[in-house]
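Here's the structure we're looking at; comments come further down.
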Amino acid sequence: MSNLVVVGTQWGDEGKGKLVDILAEFADMVVRFQGGANAGHTLIVDGKQLITHLVPSGILHPTKRCAIGPAVVVDPETLVEEIDAISQRGIQVSPDVLVISHRAHLVMPYHRLLDAAREAARGSKKIGTTLRGIGPCLEDKAARTGIRLSDLLDSEVLAERLSVKLPEVNALLSHYGRDTVQAEDILPRLAELSACLAPYVGDVGEVVRQEMDRGKNVLFEGAQGTLLDIDHGTYPFVTSSSTSAGAVCPLVGFGPKRVDGVVGVAKAYTTRVGAGPFPTELKDELGDKLREAGGEYGATTGRSRRCGWLDLVALRYTAAINGLTSLCITKLDVLSGINPIRIGVGYKLAGQELTSPPANIRDFSRVEPIYEEFEGWEEDLGEGRTKADLPLQARRYVECLEHLLNLPVDIISVGAGRAETIMVQNPYNRY
Ligand code: GDP
Ligand code: IMO
Ligand code: MG
């Protein structure tokens, strides 16, 4: 048995969904462990695209169980829509296949309103959130005024929790000049959503622990990226949750000795959506070329992603935070035709070399990357199925990353489809 965690090593959108779909074949259960519908994970199988926001990316494997863990913030409206959309494609999403934690906090309509009101009030200083209500929902969780799925299923508890919460929410909404929210505006729809979700609700922590005890392979699906982590990321330009691999233990509810491997997903270059420092960003035609070649438009919001070179200072930092055991490099195909290719290998701040990202956000915005250059390649990589199929320069690029990060690259992704993958080593065979 082995339990693996998949995490993003950059600012999200590294291709975690694609990797989870591939590794799900070798797992018994796939568990989304944090974040919410701010995530958008793209799966392309047999030319058909599915974007998951809350449902685990193992859902295309009919015999695998999927779970949404206790620390995922669940927007019931989005989840019901997502389950319907997947079912309409002929994929069974029954309660036998999907279980949702009764402890999960709910993203309520007023969380979205507050997210939007705050971002608007920040003007040019906005974070560039996904406007999915994630920050306000997680604030309520910490303030102990949140509403959990188990509360949704109990109309008395729900009404009482709302009676405590709404006056505070409405004071804030009024402060931002927005319309207020009354319990009677939202309760009827919440009752409908409660009826839709009730059959799926269960004790995910307990189910996962049982699966582990029975020697099953559990695959944990991360969301966002480590540079968006509330503690370790580019604060305040981060999300509001712990996005790194170690968080999986307290967030799902099992001990740290049970994780066997951590696969970090990194794009062969870097992208970021939203505001905040990005030292290796390319604000020129080359950045536009990467955006077009890589289809770098957000899976959740459709926003165009900022693009730049790979940043090894950031990657070394996130590899250490996550305790990565191997890497999956995605979108290597996108670098075809770019020559030379650069990699940021260090930062300079006021003439001094830094070996890790500075905590001070102003410093982080001012660092200048130190680059190394690599010879590029012209060939399309999409047909490659083994490492030997890759042009020499592409192989060198990957091997150089392995060397500089002191980590093996287990998987190389050369296209968006499930099949466009080079499995150098199956991470499940490492344990
Ligand atoms: P996630 O949030 O980490 O799951 O990543 P997203 O799905 O938001 O963004 C990754 C995008 O890149 C999606 O459009 C994927 O279909 C696409 N993608 C993933 N791997 C590859 C790859 O190797 N090559 C190309 N060209 N596209 C890829
Ligand atoms: P996946 O799982 C990329 C970013 C937002 C914004 C910041 C805060 O698809 O990789 P939030 O709505 O969380 O309060 O926004 O975090 N962000 C993501 N960027 N991919 C994601 O998820 C993201 N989830 C949040 O763009 O900068
Ligand atoms: Mg995404």
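Of note:
- Point-charge dipole on Cβ atoms (K/R +1, D/E -1) for segment 109-197, about Cα centre, debye to 20: 580 debye
- Amide H contacts under 5 Å for Thr270: Gly308, Trp309, Leu310, restricted to partners 5 or more places along the chain or on a different chain, H placed in the peptide plane at 1.01 Å from N.
- About its Cα centre, segment 266-430 has a charge dipole of approximately 660 debye under the convention of +1 per Lys or Arg Cβ and -1 per Asp or Glu Cβ, with nothing else charged.
- With one equal scatterer per alpha carbon and no solvent term, the Debye-computed log10 I(q)/I(0) for segment 321-408 at 0.15, 0.23 1/Å reads -0.72, -1.15.
- Note on the chain: with neighbouring protein chains present and a 1.4 Å probe, carbon and sulfur make up 48 percent of its accessible heavy-atom surface.
- Cβ charges +1 (Lys, Arg) and -1 (Asp, Glu), total dipole of the chain, debye: 620 debye
- Cα shape, segment 370-431, gyration tensor, a/c 1.5 rule: oblate
- Farthest toward the positive end of the dipole of the chain, out of Thr145, Thr280, Val31, is the Cα of Thr145, where the dipole comes from beta carbon charges about the Cα centre.
- Heavy-atom accessible area per residue - the chain, 1.4 Å, Å²: 41 Å²
- Cα-based reach from Lys16 at 13 Å (exclusive), listing aspartates and glutamates while leaving out same-chain residues under 8 positions away: Glu221
- Expected 222 nm ellipticity per residue - DSSP helices of 4 or more, -39500 (n - 2.57), all of the chain, to 500: -9500 deg cm²/dmol
- Shown are Tyr371, Tyr110, whose ranking by accessible area with a 1.4 Å probe and every protein chain present, most to least, is Tyr371, Tyr110.
- For Ile83, the accessible surface of its heavy atoms amounts to roughly 10 Å² (probe 1.4 Å, protein chains only, rounded to the nearest 10).
- Pairwise FRET efficiency - Arg189 versus Ala320, Cβ, R0 = 45 Å, nearest 0.05: 0.50
The values are calculated or read from the model by the stated rules, or taken from the named source; none is laboratory data. If you're wondering where the values come from, they're calculated on a predicted model, not measured in any experiment. Cβ: placed from backbone, ideal geometry, glycine included. Neighbour counts: every protein chain shown. Side chains included, ligands, DNA and RNA excluded: accessible areas come from the protein's heavy atoms. Shrake-Rupley method; radii C 1.70, N 1.55, O 1.52, S 1.80 Å.
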